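One structure, pasted below without further comment.
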Amino acid sequence: MTDAEKKIGGAGWFQRLLDGRWSHIAVPVFCVLLSLLVSGVLLVVLGKDPFVGFYSFLQGSGLAPKGSYGGGSGIQSDFFTFLGYLAPMLLASLGFVVGFRAGLFNIGISGQMVASAFTATVLVGYSDLPAVLSKPLVIIIGAVVGALLGAFVGFLKYRFNVHEVVSTIMINYILNYIVGFFINMYFVNGLTRSSLPCSTDAALMIYNVQIGGISCTIPLGIFLAVALAFFLDWLFKRTVVGFELKAVGQNPKAAKYAGINVGKRLIQAMALSGALAGLAGVAYYCGYYTTIVPKTLPQMGYDCIAVALLGNGNPIGSIFASILVSVFQNGSNFMSSTLGVQKEIASLIVGIMLLFSACGGYFRFLAHRKVQRAEDSKIKAKAKAEAAAEGMTGEGEK
Amino acid sequence: MQDDYIIDMRHITKRFPGIVANDDVTLRVKKGEVFALLGENGAGKSTLMSVLFGMYQPDAGKIYLRGEEVKFDSSDDAVAAGIGMVHQHFKLVDNFTVAENIVMGVEPKKRLAGFLPCVDIKEANKRVKDISEQYGLAVNPTDMVGDLAVSQRQRVEILKMLYRNAEILIFDEPTAVLTPKEIEFLLDIIRGLRDQGKTIILITHKIEEIKKVADRCAILCRGKLVDVLDVASTSVQHMANLMVGREVKLETTKGEPHFGKEVLKVDHLTVRNADKFEVVQDVSLSIHEGEIFAVAGVAGNGQGELANTIAGMQDAYKGTVTLDGKDITSETVRNRVEDGVAYIPEDRQGMGVFMNLPLDENLALRRYYKEPFSKGGVLDHAKIREFADDLIERYDIRSGQGGRTITRSMSGGNQQKAIVAREIEQHARLLIFVQPTRGMDMGAIEHIHDQIIAERDRGAAVLLISLELDEVMQLADTIGVIYNGKLLKTAPASTMTSQEVGRYMMGVADND
Amino acid sequence: MDTVFIDGLAFAAPLFIMAIGGIYSEKSGVTNLAVEGFQGFGAFIGSLVAVILMPQMGSDNQMVIVVAMLASMIGGAVYSLLHAFLCVRFRANQVISGVVVNILAAALTTFFTSVANQALTGAASNKFVLGVSDQVTVPVLSQIPVLGWFFTDMYPYEWFIAVVAIAAWYLMYKTSFGMRLRACGENPQAVDATGGDVNKTRFISVVISGALCGIGGICYAYSISANFSPSIYMGFGYLAIAAMIFGNWNIPTTAAVCLVFGLARSGGYQLCLSMGLSSNYSDLFLMLPYVLTMILLVFFSGKNHPPKAAGVPYDASDR
């Protein structure tokens, strides 16, 4: 093979990696590395050391030791705080994944989070129920409210052909105003301007657990979130329901032909998506914070889209992706205090990740084309050589 | 004389991954003749003309136009050199007028208020009217293209080329979508264009059309040029043999039918589309065990909707559908499948399979939810694979990685084989075949025809919907002709000639 | 009563220009859910230019607003390149791209607002304070009995938007570019077959969309909020998309829909004031346009005819 041929025909190991059977892992990893590179450059431009910067995000999330700790806190407590943030992030991204698999974009996760957390707080969080009753009730109410909101969107889509992106966003604003109104009217803490905190019995946390001599708050949502991720993975891979949801997402017409009740599955998908968002809501507002700031939709409702896309729309992938995104968002305060960069850069880094993961399909396409072309040119060269050889023997016979 | 030839393609070779579409083809076309290009699907006719039209670049070979070598990088270059092509799928904008469609890209301009450049739509209408009169292609420039019939749209496409001063006109399978009457009109138009000095290249696989209109004819078979013939002095059988590359069996052998009990009964069925237009009107038919009921008709006369409604994909507006005496008019698709309805839809890739799912899951699409393929809602992938492997072997479905092949990467013919295999394997009471052989080559067509007849002989009721009159005549025990959503005539196949059926297809009502 | 009309129009005009932006993109075949991001980023660039210029030119100099308007158009156009590249060149899912563009816009502008504020004033605020554009009353015409409100307390941008809207209509329906653009959204193959460049046309259309949305964004910054802050992402971009849907992707009809939205909002607000309710209740009335949108969506979504090829990347090899 000449050098020229190598240049045209050679698809390197890199393209093969992105195109091959590990592409579902290789492509997202590549996207993450690219976005870290761009974010690093951004930090350099701002005059900061990117390695110190990234390390400080880890420190802020309790994944690396800080230089010094304030009274009563340590890496353990930071880590559990991080898990408290991770839980709703993972749940919310699972919510997006479920819709996404069924071909639906649930952009309304932030609204569903607020509404279900508000309902749970008002109904249970302000009552005197004991922990054994109130904690499960918070979870159930969160899931049910979220599911109802999701199902409503699914119904509008199926029955009236209302695009779910537009309807979920409208509902986000409506819920934001309604919840804001009720908090401001009836449940406001005059000093902080946010809602009255829910009771410690209802909060999805176990307070004051001594670990290594430091008092930690253990978030309960994380166990639920990880378990649900594995459950959903099983659901999509192994069950009839999962298969049908995927089928509806890929091609509703073919799904109907296959005998699937498309409308029912669409509504179920949105209900499940909403239920997960609702769980994310209670895990966030009753398991990380204990209050709701009125008229502010949680950023997490949008960050979870980045998580889901980074995780390739896969529940297990979401676990890794949500850890990554949570490190940035949760560690941003500490990073800001050590580096002196505005903490909003965390959202920007997540945004950049989102951007590159949206390009993931294109990277795969490029790699695929390169590999394909390399193979084509091999085939063509072979055909040419054969044709030439035939011509030679043909003439020889003459 | 060399310069007699307006087109001279020399030693054209074009390869695609895995196949040689054109293998050293040399073709010369004279100015002012109708030159036909005959061959089966996949023989390389369209590729060759795409090379001439600049859509593909040849791997080897040269093209001379009016004696000078040309290299086209895109079809725009070919258009500039005076070549025009009427594609099989019309490239028209539905919500534009006829004139807008024709002039788009080279619009007449004027200045609004003296300085703002603006499309002069009045001038466009006038020019279109002029050309349409010059060539006898009647159209109304201000009609919306979306409202036009197929044959009129085709005229718009032809006018588009003439407006751009094309001298060489390539027609890609122009008659596939037309009624027999409309075909006659089109052939007249082609003769008229030739008489005005245009050079016509006609891509087709229908020999009788070549007989009617072409001067010379080139035959392609598996990418190679077989022969160039003078049409007037060559027999149809000879052309057919050359086209297929072997002796052709022009008839399908089929035993006498033995009708049993009534399986399907459609009673006064009316179907509306999304715009509340009645696309199927008051259709009644009945099909028995061991009967092939063929619905003949030109595309877009309600056949697709009729099949969809029987299969449960669309709702009936009025009337009933009965299967083995049971009213299934408002049953779900799944229940109909359970009751014994199998359906090979026209839209294979959009409806018949999931393109992004593996072949084995597509093959199991009718049974994945039942034991043994799933238990308690949990799928058993091993059982599904086993079932698929069996079908792949028995029905000779070819794919890269067997059952795990993503369906998108398979050829259209093998996707169709997979659908047919899956539906036949249902051992259904009623099989609905819609255009089962569209886009397939003759060998595969024979095979599918044999399978349809085997199903009939097994005792199933078969509803065959086809646009090919030949196919209807070959297979049908009973023929129903559909026109404008109405079943105009239903009669035993033995009592009807193809001329009669063709007349009904144009909407000519019964005299008696 | 006049206040309802005056405020309604002031709200409707920027909404309308953003909706036209959406129409441009979608008519060319690129689904545009990125209106929200375009308007936010456009407003950010416009406001940034304004806060840089204000110390030099004086904070009530109306020239600042003119320059800011132009800057926001350019900002919106530049930012829309992202959506254009993702959808046209990278063939990303257009719905995802729209969502990504919106989220990134919020993150980018929030971060750089505080960076810029730190550089300009030393305090890392997330707001650019702009003030409200002057309102103009046309002397004689405003005295006309019934329609006088139309010439009373107008923001100058409303006239600017009217002019741009007419120009946009002319470009889309009267020129050969517009003809090609509309064809790209219905049947791109037709454009390709007649020598047009589908992807280039779509690219340009998205950029025009960005510029138009930028105008909408800066107008809101200069009227309703009187500053630039993350609250610019109030969902007005999505309201514009809803208006486009009810307007059936048609510019004049969309104008009427936007006006209805504007009147619903200002009417609700006035109602709240006239009933003497506390300011908390205003939240419920601010909700009205969104509720109205939901209701209209239910009635109109099924009946509309969106551009047929919208959302499908064009690949010349698909023949």
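The values are calculated or read from the model by the stated rules, or taken from the named source; none is laboratory data. Since this is a predicted model, take the numbers as computed values, not measurements. Because the Cβ atoms are built from the backbone with ideal geometry, glycine has one as well, and the counts that use them run over all protein chains shown.
Results for (1) assigned to a helix (DSSP H, G or I); (2) within 14 Å of another protein chain (Cβ to nearest Cβ); (3) in contact with a Ser or Thr (Cβ under 6 Å, 6 or more places away or on another chain), shown as yes or no for each residue.
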{"site": "A:Met270", "(1), (2), (3)": "yes, no, no"}
{"site": "A:Ser273", "(1), (2), (3)": "yes, no, no"}
{"site": "A:Gly278", "(1), (2), (3)": "yes, no, yes"}
{"site": "A:Gly281", "(1), (2), (3)": "yes, no, yes"}
{"site": "A:Pro298", "(1), (2), (3)": "no, yes, yes"}
{"site": "A:Gly301", "(1), (2), (3)": "yes, yes, yes"}
{"site": "A:Ala306", "(1), (2), (3)": "yes, yes, no"}
{"site": "A:Leu309", "(1), (2), (3)": "yes, yes, yes"}
{"site": "A:Ile316", "(1), (2), (3)": "yes, no, no"}
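Might you check whether a residue that is at pLDDT below 95, surrounded by fewer than 17 Cβ atoms within 10 Å (Cβ to Cβ), closer than 22 Å to A:Gly317 by Cβ and not acidic (Asp, Glu) occurs anywhere in the stretch A:210-220?
Checking the stretch A:210-220: not a single residue is at pLDDT below 95, surrounded by fewer than 17 Cβ atoms within 10 Å (Cβ to Cβ), closer than 22 Å to A:Gly317 by Cβ and not acidic (Asp, Glu).
Would you please name the residue that is surrounded by the fewest Cβ atoms within 10 Å (Cβ to Cβ), looking only at residues in the stretch B:366-401 that are more than 19 Å from B:Phe354 (Cβ to Cβ) and among the aliphatic types (A, V, I, L, M)?
B:Ala382
Could you please find all residues in the stretch B:411-431 being at pLDDT 85 or above and either farther than 12 Å from B:Gly352 by Cβ or outside the structural domain of B:Val462 (by TED's automatic domain parsing) (or both)?
Result: B:Asn414, B:Ile424, B:Glu425, B:Gln426, B:His427, B:Ala428, B:Arg429, B:Leu430, B:Leu431.
Of the residues A:Ala258, A:Ala280, which single one is buried (at least 24 other Cβ atoms within 10 Å of the Cβ) and closer than 23 Å to A:Phe152 by Cβ?
None of the others qualify; the one that does is A:Ala280.
Given the conditions (1) under 24 Å from C:Asp197 (Cβ atoms); (2) in contact with a strand residue (DSSP E or B) (Cβ under 9 Å, 6 or more places away or on another chain); (3) within 10 Å of chain C (Cβ to nearest Cβ), and given that B:Leu112 satisfies all but one, which numbered condition is not satisfied?
For B:Leu112, the exception is condition (1).
Can you name the number of the only condition in (1) of a type outside the set (Val, Ile, Thr); (2) outside any strand (DSSP E or B); (3) more than 23 Å from A:Pro136 (Cβ to Cβ); (4) out of contact with any Leu (no Cβ under 9 Å at 6 or more places or on another chain) that A:Phe181 fails?
Going through the list (1) of a type outside the set (Val, Ile, Thr); (2) outside any strand (DSSP E or B); (3) more than 23 Å from A:Pro136 (Cβ to Cβ); (4) out of contact with any Leu (no Cβ under 9 Å at 6 or more places or on another chain), A:Phe181 breaks only (4).
Let me confirm something: among C:Gly237, C:Gly302, which residue is within 14 Å of chain A (Cβ to nearest Cβ) and part of a helix (DSSP H, G or I)?
C:Gly237 is the lone residue from the list that is within 14 Å of chain A (Cβ to nearest Cβ) and part of a helix (DSSP H, G or I).
Right, next: Go through (1) part of a loop (DSSP other than H, G, I, E, B); (2) within 22 Å of the chain's Cα centre (by Cα); (3) over 30 Å from B:Asp143 (Cα atoms) and name the single condition B:Leu37 misses.
That leaves (1) as the condition not met.
Also: Being modelled with pLDDT under 85 and acidic (Asp, Glu) is the filter here, so list the residues in the stretch A:342-398 that pass it.
Selection gives A:Glu375, A:Asp376, A:Glu386, A:Glu390, A:Glu395, A:Glu397.
Among the residues of the stretch A:157-174, which ones are more than 7 Å from chain C (Cβ to nearest Cβ) and more than 22 Å from the chain's Cα centre (by Cα)?
Result: A:Lys157, A:Tyr158, A:Arg159.
Does A:Gly60 satisfy the criteria of being at pLDDT 90 or above and among the small types (Gly, Ala, Ser)?
yes
Give the residue, chosen from B:Ile310, B:Ile287, that is away from chain A (no Cβ under 14 Å) and within 27 Å of the chain's Cα centre (by Cα).
Residue meeting the stated conditions: B:Ile287.
Please tell me if A:Ile211 is touching a residue at least 12 places away in the same chain (Cβ under 8 Å), β-branched (Val, Ile, Thr) and more than 14 Å from chain C (Cβ to nearest Cβ).
Spelling it out, A:Ile211 is indeed touching a residue at least 12 places away in the same chain (Cβ under 8 Å), β-branched (Val, Ile, Thr) and more than 14 Å from chain C (Cβ to nearest Cβ).
Looking at C:Leu292, C:Leu277, which one is more than 30 Å from C:Cys184 (Cα to Cα), within 14 Å of chain A (Cβ to nearest Cβ) and not in a helix (DSSP H, G or I)?
Matching residue, one of C:Leu292, C:Leu277: C:Leu277.
How about the stretch C:103-127: which of its residues are more than 8 Å from chain A (Cβ to nearest Cβ), in contact (Cβ under 8 Å) with a residue 60 or more places away in the chain and not in a helix (DSSP H, G or I)?
Listed by number, the list holds a single entry, C:Lys127.
Here's a follow-up. Would you please name the residue that is farthest from A:Leu91 (Cα to Cα), looking only at residues in the stretch A:236-248 that are more than 10 Å from every other protein chain (Cβ to nearest Cβ) and not aromatic (Phe, Trp, Tyr)?
In this case the residue turns out to be A:Val248.
Exactly one of (1) touching a Pro at 6+ places or on another chain (Cβ under 8 Å); (2) surrounded by 23 or more Cβ atoms within 10 Å (Cβ to Cβ); (3) more than 10 Å from every other protein chain (Cβ to nearest Cβ) is unmet by C:Leu130. Its number?
Single failed check for C:Leu130: (1).
So which of C:Gly185, C:Gly196 ends up being buried (at least 24 other Cβ atoms within 10 Å of the Cβ), in contact with a Lys or Arg (Cβ under 7 Å, 6 or more places away or on another chain) and within 14 Å of chain B (Cβ to nearest Cβ)?
C:Gly185
Would you check which residues across the stretch B:75-98 are closer than 15 Å to B:Asn165 by Cβ and within 7 Å of chain C (Cβ to nearest Cβ) and list them?
B:Asp76, B:Val79
Residues are listed down the side, and each one gets a yes or a no for (1) within 23 Å of the chain's Cα centre (by Cα); (2) among the basic types (Lys, Arg):
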| residue | (1), (2) |
| --- | --- |
| A:Ser35 | yes, no |
| A:Leu42 | no, no |
| A:Lys66 | no, yes |
| A:Ser77 | no, no |
| A:Phe82 | yes, no |
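Between C:Leu263, C:Leu259, C:Leu297, which is in contact (Cβ under 8 Å) with a residue 12 or more places away in the chain, within 11 Å of chain A (Cβ to nearest Cβ) and surrounded by 18 or more Cβ atoms within 10 Å (Cβ to Cβ)?
After ruling out the rest, the residue left standing is C:Leu297.
Any idea which of (1) out of contact with any Gly (no Cβ under 7 Å at 6 or more places or on another chain); (2) at the interface with chain C (Cβ under 7 Å from one of its Cβ atoms) is the one A:Gly154 doesn't satisfy?
Condition (2) is where A:Gly154 drops out.
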